[in-house]
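The structure appears below as structure tokens.
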């Protein structure tokens, strides 16, 4: 870290909107940020100093030579490359030992079980017979997930017969790495919560207030910060679990712990993400320190910032799909005029049904009012 | 404007911290921003797509071909070039007809007089005799300013005899353009106020709450938003003047109207700046819409955003000089740990006595508390 020269260079692998949203706080703090993007015209194009394949070791090692620390827009960089970077003396955050839990859902479930945090009943199943046995033992329905590569509802199916994921077993059989599918009980949840945590290599940890996330078709659609209090003990339990997981997986950077609140009042961990996360976008305007600024502080091992909310109610609504005519600015003349309070974020992506092309955040005193305004603004881009 | 394609390209002439701070809102809104910087390694280096001399017409015209609208980090682009851009069909905001008032203090005083807003007694003086006459008629002391090129206290002298600016008269005599110095009465003011206004080409105008600015040696040191109310009528008068000036000079973009509040309760206009201004840096965290976002909206003729403050008290303190060892990040390990609430902005500039290398903003409920925290944070970089 070239902190003593006043120049700190952060390299981000992946050129999506998460890398893009790290750029503003890097500019404000005076950190130098570079992005290794997959393609020209990526969402983080402005900061992309290099375009190349993150699965190619030499590409990643060459990129790493231009920066002081490597971090990520996504969790897909192969472990061999991550360990290769560390072997070359490169600072990598989160570290590969931690990142494995976000890369493989079965490895994650084992770790969560070991940490003793509450999770849905689960099993790693290598064939249809084992899967059917689990389904039969858990009420005749279950959730099956691919261990790797799933996101935003991809790689997730609710099934009542093992044959419904026969194609996934076939694909596993053809994969040199082989492996299993993850099956989980279908949780009877009333809502979903997310606990964002940031942790530095030196161990300092800060958490944001627990938020409620509302998913549509497996994709995060809305986030309410703070999560409306239905039962204070539940939110305390969610925060407690978030802290245990952050310390247990020794994350460095931002961690999102997504949880179910069950009908019978329990909190169960659903997923982990080891990077800034959609459930934390509200924090750009809604928290004293945004998740993107905090992630930069954490991966450079700088002291973490205050995470209090900036208003009693903060709502983030994703813009999914977007205008048929083109990127979000095609609607700015009407939408900005109608919604002067809304903070509008465009990822500079071409619209496509269901694609996250941006988000809207509104802050204020009344959740009902703020929610209505954020929803109306996002809807105006549809 | 290529609004219909969803791509809006803004070109900023000048690579200083104002251009730098336009980049984050451009990223969030999904606008494309490019900077014509004077030198390599400028404050806005990240966004600098071109390095060249803004006094060279061909350089500026070539830059303009890559964008939809031209705006500015400073007011020093020669009028011939600005009119040359317009003659080529380039959108320029603010327009040269407006920008002349920020480029020449004598032209500005004439315009303000014509608009009927209160200003200090003034005269344009072409020689020492005329200056001495003004000084004698205004209590034996006066403020002399060069009409062009002054900023941050440069080009301003308080004198009691005309001979104290003999060098400036000599320089004017050697200048092919000739011209006069501006002389003004020494105003007995109790504090300084600033009214930020944004205005679109279509005429829509939004103002932020009037702020108090505290100068040290002619350089803005602190800004209190909103200005503490000593007399509500005074703040209303400041807002009224700001609106008249914005409409009168037909600004497009952000305008700062700097004013004196006099001991006898009057408000007099001191200076104009036709761009985001140091007195508006508080708005990055302290207002729903920052001056940088608003400037981008205004120059692209998009609807303007809400300008309410995000907290009852917002204080911005400049970091002047900075650490002896290097840019501000050399102190981050200590300063961020001690001041987790403070929002720290580094312009990535090498420290030099008196140089603005960054600023700190703190928001909260109590002015006294927020002011103390912002001052302590900024002081920790000294």
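Need one number for the stretch A:80-208: average projected area of the convex hull over its C-alpha atoms, nm². Before the final figure, lay out each step's value.
On the way: hull surface 39.9 nm².
Quarter of the Cα hull surface area: 10.0 nm².
Mean separation of Cα pairs under 8 Å and 6+ residues apart, divided by the residue count of the stretch B:121-185: what relative contact order is that in percent? The partial results should precede the final answer.
Working: 95 pairs, mean separation 32.5, N = 65.
Taking the mean separation of contacting Cα pairs over the length of the stretch B:121-185, I get 50 percent.
Distances from residue B:229 to the same residue in each other copy, label points 7 Å out along Cα→Cβ, in nm, shortest first?
Listed shortest first, these distances are 3.1 nm.
Contact order normalised by length for chain B, with contacts defined as Cα pairs under 8 Å and 6 or more residues apart; what percent is it? Let's see the in-between values first.
Values: 835 pairs, mean separation 49.6, N = 382.
Computed over chain B, the figure is 13 percent.
Over the Cα atoms of the stretch B:233-343, what Rg and Dmax result, in angstrom?
Expressed in Å, the Cα Rg and Dmax of the stretch B:233-343 come to 17.1, 48.
Which three semi-axes in whole Å describe the equivalent ellipsoid of the stretch A:3-92, each the square root of 5 times a Cα gyration tensor eigenvalue, listed largest first? Before the final figure, lay out each step's value.
Values: eigenvalues 73, 58, 19 Å².
Value: 19, 17, 10 Å, ordered largest first.
Along each principal axis of its Cα atoms, how long is the stretch B:121-185 end to end? Whole angstroms, biggest number first, please.
33, 26, 18
Using just the C-alpha positions of the protein assembly as shown as equal point scatterers, what log10 of I(q)/I(0) does the Debye formula give at each q in 0.06, 0.10, 0.11 1/Å?
So the normalised log intensities work out to -0.40, -1.01, -1.20.
If I stretch the segment between residue A:80 and residue A:126 completely, what's the gain in nm (0.36 nm per residue apart, minus their alpha carbon distance), one decimal?
Values: separation 46, 0.36 × 46 = 16.56 nm, distance 2.44 nm.
Using 0.36 nm per residue and subtracting the Cα-Cα distance, I get 14.1 nm.
Calculate the tail of P(r) for chain B: the fraction of all Cα-Cα distances greater than 37 Å, expressed in %. Write out the running numbers ahead of the final one.
Values: 14205 of 72771 pairs.
Percentage above 37 Å: 20.
What's the average, rounded to a whole number, of partner chain beta-carbon atoms within 10 Å of each residue's beta-carbon in B:304-311?
Values: counts 3, 7, 5, 1, 2, 0, 4, 2.
Partner-chain Cβ atoms within 10 Å, mean over residues of B:304-311: 3.
In a Debye calculation with equal point scatterers on the alpha-carbon sites of the stretch A:203-268 and no solvent, what is log10 I(q)/I(0) at q = 0.14 Å⁻¹?
-0.45
Hey, for residue A:168 with labels 7 Å out along Cα-Cβ, what do the inter-copy distances come to in nm, ordered shortest first?
Between copies, matching label points for residue A:168 lie 7.7 nm apart.
Name the chain B residue nearest the rotation axis between B and A, going by Cβ position, and give the distance in whole Å.
B:24, 2
Arranged from highest to lowest average of other beta-carbon atoms within 10 Å per residue, in what order do the peptides B:216-226, B:19-29, A:192-202 appear?
In decreasing order of mean packing, B:216-226, B:19-29, A:192-202 become B:19-29, A:192-202, B:216-226.
Extension gain residue A:215-residue A:137, at 0.36 nm per residue separation less the Cα-Cα distance, in nm?
Numbers: separation 78, 0.36 × 78 = 28.08 nm, distance 2.75 nm.
The residue A:215-residue A:137 span can extend by a further 25.3 nm.
Between residue B:49 and residue A:247, take the C-beta separation as r, use R0 = 41 Å, and let me know the FRET efficiency to the nearest 0.05.
On the way: r = 44 Å, r/R0 = 1.08.
About 0.40, to the nearest 0.05.
Between residue B:154 and residue A:9, what's the calculated FRET efficiency when r is the beta-carbon distance and R0 is 30 Å? Round to 0.05. Let's see the in-between values first.
Details: r = 34 Å, r/R0 = 1.14.
The pair residue B:154/residue A:9 has a calculated efficiency of 0.30.
Report the semi-axes of the equivalent ellipsoid for the stretch B:189-379 in whole Å, largest first, where each axis is √(5λ) for an eigenvalue λ of the Cα gyration tensor.
Values: eigenvalues 153, 72, 49 Å².
They are 28, 19, 16 Å, listed from largest to smallest.
Starting from a label point 7 Å past Cα on the Cβ side, list the distances from residue A:354 to the same position in the other copies, nm, shortest first.
6.3
For the pair residue A:170 and residue A:110, how long in nm is the line joining their label points, each one 7 Å along Cα→Cβ?
If labels sit at residue A:170 and residue A:110, their model points lie 2.9 nm apart.
Over all residues in B:337-349, what is the mean tally of Cβ atoms on other chains that come within 10 Å of each residue's Cβ?
Numbers: counts 4, 1, 3, 10, 5, 3, 8, 5, 4, 6, 3, 7, 2.
Counting other chains' Cβ atoms within 10 Å and averaging over B:337-349 gives 5.
Need one value for A:288-295: mean number of C-beta atoms belonging to other chains within 10 Å of its residues' C-beta atoms. Write down the numbers at each step before the final one.
Numbers: counts 8, 4, 0, 0, 0, 2, 0, 0.
Across the residues of A:288-295, the mean count of other-chain Cβ atoms within 10 Å is 2.
Values quoted throughout were computed directly from the atomic coordinates according to the rules given, and no laboratory measurement underlies them. Predicted, not measured: the structure shown is a model, and the values here were computed from it. Backbone-built Cβ (ideal geometry, glycine too); neighbour counts: all protein chains shown.
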